[in-house]
Amino acid sequence: MRKLALLECLAMLCCVSGSPAVAQNSMIPPGCAGKTGEALRECVRDATPEEQIEQITPIKPAPDPAQPINCQRMLFADQSFCASRNEVILECRKNRHSDFEGCFNQYAANIPLPTAANCARVDAKSRPRCVHRNAVYLKCAANRLRYFMCLEAPDAEK
């Protein structure tokens, strides 16, 4: 009985150890049989048909207004509003409100609106941005969550 069990185990080991080699060899194209190394790599590469890939246009993700932003990049006139806005966003996230915009609007009602920026104090490189900001900031402040997105929009009008 013991010899029979030992023979069965040996037979299983032979079958198991032999099957992966068969599976690996079956993946090699017939013309590449017996090749190894770089010759095998070139043979398999050349035997694989090229596929036509259709041109795919990447989709630009829509910006999420509920993201905190780096207030240091903002004009001085917007930095205080920016910091308060970021605090409200983090507070509404922390409490996991189901209506994020409702939560934001409730807290943001207490944030003072931005005022006009003094563009004379801004460096020459940022001056056009400052002038544009002053032209549209009152309109953009109507939606405090999307205020900075509105300022950055090139089509924002007075």
Residue by residue through the range 107-138, note down the ones that are closer than 22 Å to N86 by Cβ and out of contact with any Phe, Trp or Tyr (no Cβ under 9 Å at 6 or more places or on another chain). Y107, A108, A109, N110, S126, R129, C130, R133, V136, L138
All but one of (1) touching a helix residue (DSSP H, G or I) at 6+ places or on another chain (Cβ under 7 Å); (2) modelled with pLDDT of 80 or more hold for E42; state the number of the condition that does not hold. (1)
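Yes/no matrix, rows are residues, columns are (1) acidic (D, E); (2) surrounded by 13 or more Cβ atoms within 10 Å (Cβ to Cβ); (3) touching a strand residue (DSSP E or B) at 6+ places or on another chain (Cβ under 8 Å); (4) at negative phi:
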site: R45; (1), (2), (3), (4): no, no, no, yes
site: E51; (1), (2), (3), (4): yes, no, no, yes
site: T57; (1), (2), (3), (4): no, no, no, yes
site: P63; (1), (2), (3), (4): no, no, no, yes
site: M74; (1), (2), (3), (4): no, yes, no, yes
site: S80; (1), (2), (3), (4): no, yes, no, yes
site: N86; (1), (2), (3), (4): no, yes, no, yes
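Checking the conditions here, which among N105, N86, N110 is under 29 Å from the mean Cα position of the chain (by Cα) and either within 14 Å of Q67 (Cα to Cα) or not in a helix (DSSP H, G or I) (or both)?
Sole residue among the options that is under 29 Å from the mean Cα position of the chain (by Cα) and either within 14 Å of Q67 (Cα to Cα) or not in a helix (DSSP H, G or I) (or both): N86.
The values are calculated or read from the model by the stated rules, or taken from the named source; none is laboratory data. Just so we're clear, the structure is a prediction, and the values are computed from it rather than from any experiment. Quick reminder, even Gly has a Cβ in these numbers, built from the backbone with ideal geometry, and neighbours come from all protein chains shown.
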